[in-house]
Amino acid sequence: RPVVTSIAGQPYVEPQISSDADALAQLYLNRGYLEVSVQPNPVPSADRSSIDLHFVIHEGPQVFVDHVLIVGNTRTKTETIVREVQLKTGQPLSQQDEDDTRSRITALGVFRRVDISYLQMPGALTHRDVLITVEEAPVTTIEYGAGGGGGRRVVRTEESPNGVGTFAVAPRASFAIGRRNLFGKDRSLNLFTRVSFRPGGANELDNLATNNGKYGPNEYLARLAYSERRIFGTPADGTFAGGLEQTRRTSFTYNRRSANVSLVRRLKKTLALSGRYTIDSTHVFDFGITPVEKPLIDRLFSQVRLSTFSGSLVRDTR
């Protein structure tokens, strides 16, 4: 009854009736009735002013899981896959559990294809073996890119000690390499790098002395991250990362070294709790501003070592 939305007194709408029949069939499929049939059977009154709505249900046998078989994995350990399987021996062969199993195994990110089929032994009408066939994806991924950008930058000169705007072009490139499924346990290691070649410095008086005004890799980013699902045997997923970054702003340049560790625990299918610890150190230099304006920059990019804790609760219903 709870899955049927049609109630007495409301207009008779055929699409809604069909939806109720589908909901009833899905209810039975999730309880192992693989051969269920649900047919609406409306019976009009004598004056055809009302309809008695009947659903004729042929349940068929209830089917249970006998054995769960996993094939196709060569690098991935079987226990890594088993912990994501929601179809359990002795439980009804549920359509919802099959969908959840396929989604969870796919979410590991180490398989390019996941197929689930049922095997029926002769004479066994109420039990089926579940066969999960996986096809592993390549363990190494490589990404690269190239591009360019242009914009105005402020430069202080002898003629313009307060700064003058000039246009500069900055070609850039990126490269990333990742290794997943380390040791067959859904662990991954990823390195991402990016570099931009642009003229350095905001003060030509300093540039002439240090030769920093020429084009060079004055902007760059390197980040190394290690991720592991069910880290240390806990229900949480963990990530350890560290990076080095140097970026040019309108009137200054900053260099930052940072490291962080984060843990994510899924509380429900749509709810996840995460915690993060970060430590970083920032160095600001190459100012193109007056000393009076410098405290404004220090508020955003403090030149001290910062240790930060943060947390979040995410609800995702996609």
Which label belongs to the value computed from this structure, given these candidates for Rg/Rh (Cα atoms, Kirkwood Rh): (1) 0.94; (2) 1.20; (3) 1.15? (2)
When we measure straight from the Cα of LYS77, which lysines land under 27 angstrom away, once same-chain ones fewer than 8 places off are left out? LYS88, LYS185, LYS268, LYS269
Distance between the C-alpha centers of the stretch 53-130 and the stretch 248-268? Whole Å please. 41
Cα-based reach from LYS294 at 28 Å (exclusive), listing lysines while leaving out same-chain residues under 8 positions away: LYS214
Using a 10 angstrom cutoff on alpha carbons, build the Gaussian network for the chain and name the most mobile of SER174, SER50, SER262. SER50
For GLN86, which sequence-distant residues (separation of 5 or more, or a different chain) have an amide H within less than 5 Å of its own amide H, given hydrogens modelled in the peptide plane? THR101
Would you mind classifying the stretch 15-163 by shape? Square roots of the alpha carbon gyration tensor eigenvalues, ordered a ≥ b ≥ c; an a/c under 1.5 is rounded, otherwise it is prolate if a/b is larger than b/c and oblate if not. oblate
Helix-only [θ] at 222 nm, the chain, -39500 (n - 2.57) per DSSP H run of 4+, per residue, nearest 500, equals -4500 deg cm²/dmol
Amide H within-cut-off set for GLU136, under 5 Å, with H built and near neighbours excluded: ARG112
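Where a number appears in this text, it was derived from the coordinates with a stated rule and is not lab data. Computed from a predicted structure; not experimentally measured.
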